[in-house]
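> Before I ask anything, let me first share the structure, which is written out below as structure tokens.
The values are calculated or read from the model by the stated rules, or taken from the named source; none is laboratory data. Because the structure is predicted, anything quoted here is derived from the model rather than measured. For neighbour counting, all protein chains shown are included, and Cβ atoms are generated from backbone atoms with ideal geometry for every residue, glycine included.
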Amino acid sequence: MTWLRRVALVAICFFAACRPARLGDDRAPFFFIQMSDPQFGFITANADFARETVNFEKAIAAANRLKPAFVIVTGDLTHRQGDAAQIAEYRRIAATLDRTIPLYNVPGNHDVALPLTDSSLRAYHAVFGRDYYEFDARAVHGIVLNSSLIKEPDKARAQSDSQAAWVRAAITAQRATGKTVLVFQHHPWFLTRADEADQYYNLPIATRQTYLDLFARNGVTHVFAGHYHRNALATAGTLEMVTTGPVGKPMGADSSGVRIVIVDGRRIVHRYYPLDSIPTRVDVPR
């Protein structure tokens with residue numbers, strides 16, 4: 001082999017193999033962490049938030065150790081909307097997350113104060129920014145919904161209608177990209193079956209099917225939510241509704257914890273871990 005050909009082969013290796021292209025990086029399996037309901041102040045009915053502090057610090061420390069592609073907190077960041085001390089403590093601990101790991105906040109009903117109003121939404125925006133938005137993380141396109149706009153739309157009808165139009169456009173636009181679309185929100189659409197009756201912990205059946213049809217038409221296979229303070233897994237056709245237990249106060253058999261989600265192309269594998277049983281590493285396919 002001539003010297004010139006050897007140099008050419010080294011260059012090909014460097015640019016094509018030894019340094020994977022951005023698209024190759026995007027397609028590589030990865031994992032993220034879903035946290036939900038840290039809800040500072042809930043355990044003691046707003047008297048203090050000492051136990052929530054301990055729990056959220058454990059969750060963030062685990063994320064710093066594991067290095068996920070991103071962390072998403074699916075609502076009820078604090079228990080009392082506008083409580084300056086609760087908000088400050090949530091933001092203080094959230095700020096200790098490794099700066100290389102994006103953190104996405106999702107509004108919960110306690111963050112926007114149901115019954116929803118224009119002023120309660122403005123208060124949320126002033127502290128946490130947008131209440132519905134989208135983001136990209138490697139091969140995933142994340143859609144963040146303000147599920148309170150679906151739960152109780154009447155006193156914020158313009159914002160509710162605006163979100164509905166936006167999410168239709170956002171999800172439809174992803175069909176040609178090849179990205180895996182994951183939806184994140186606070187309230188689950190349903191806990192056990194798609195046609196279950198309305199209750200506090202799910203979203204209205206009158207609206208539910210419209211969104212489930214939208215997801216089905218556009219290949220959305222997973223929605224991640226919280227609110228229930230317990231774990232619940234259910235399906236509707238090809239959609240899995242993943243309801244994740246709390247970092248904060250549990251209200252069932254599941255301990256406080258987080259969910260680790262592995263994304264391998266279209267294959268999504270996830271598991272809930274109590275805070276004291278989070279693994280020391282996450283093995284993703286190679």
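> Working carefully through the options THR180, THR210, THR221, find the one that is in contact with a Ser or Thr (Cβ under 7 Å, 6 or more places away or on another chain) and either closer than 22 Å to SER36 by Cα or at pLDDT 95 or above (or both).
Testing whether each residue is in contact with a Ser or Thr (Cβ under 7 Å, 6 or more places away or on another chain) and either closer than 22 Å to SER36 by Cα or at pLDDT 95 or above (or both) leaves just THR221.
> Let me ask something else about it. Just to be sure before I move on: is ALA253 more than 18 Å from the chain's Cα centre (by Cα) and among the aliphatic types (A, V, I, L, M) in the structure I sent?
yes
> A further question on this structure: Considering the range 239-255 alone, what residues qualify as being crowded, with 21+ Cβ neighbours inside 10 Å and either hydroxyl-bearing (Ser, Thr, Tyr) or within 20 Å of VAL71 (Cβ to Cβ) (or both)?
Selection gives VAL242, THR243, THR244, GLY245, PRO246, VAL247, GLY248.
> Then there is this: Starting from residues that are in contact with a helix residue (DSSP H, G or I) (Cβ under 9 Å, 6 or more places away or on another chain) and in a loop (DSSP other than H, G, I, E, B), keep the ones in the range 24-47 and report whichever is surrounded by the most Cβ atoms within 10 Å (Cβ to Cβ).
For the range 24-47, the residue satisfying everything is PRO38.
> Keeping to the range 190-238, report how many residues are closer than 19 Å to GLY252 by Cβ and either crowded, with 19+ Cβ neighbours inside 10 Å or of a type outside the set (D, E, K, R) (or both).
17
> Could you look through the range 143-177, keep only residues that are small (Gly, Ala, Ser) and over 20 Å from ASN218 (Cβ atoms), and pick out the one that is modelled with the lowest pLDDT?
Looking at the filtered set, the residue picked out is ALA156.
> Scan LEU149, LEU203 and give me the residue that is touching a residue at least 40 places away in the same chain (Cβ under 8 Å), in contact with a helix residue (DSSP H, G or I) (Cβ under 6 Å, 6 or more places away or on another chain) and farther than 23 Å from ARG267 by Cα.
Of LEU149, LEU203, the one residue that is touching a residue at least 40 places away in the same chain (Cβ under 8 Å), in contact with a helix residue (DSSP H, G or I) (Cβ under 6 Å, 6 or more places away or on another chain) and farther than 23 Å from ARG267 by Cα is LEU203.
> What pairs come up if the first residue lies in the range 218-242 and is under 15 Å from THR192 (Cβ atoms), the second is hydroxyl-bearing (Ser, Thr, Tyr) and assigned to a strand (DSSP E or B), and their beta carbons are under 6 Å apart, counting only those six or more places apart or on different chains?
Here the result reads ALA225/THR74; ALA225/THR243; TYR228/THR243; ASN231/TYR272; ALA232/THR243, each pair linking the range 218-242 to a residue that is hydroxyl-bearing (Ser, Thr, Tyr) and assigned to a strand (DSSP E or B).
> Which residue, of THR53, THR74, is crowded, with 18+ Cβ neighbours inside 10 Å and within 21 Å of ASP98 (Cα to Cα)?
Exactly one residue qualifies, and that residue is THR74.
> On the basis of being surrounded by 16 or more Cβ atoms within 10 Å (Cβ to Cβ) and either of a type in the set (Lys, Arg) or touching a Gly at 6+ places or on another chain (Cβ under 9 Å) (or both), does VAL144 make the cut?
no
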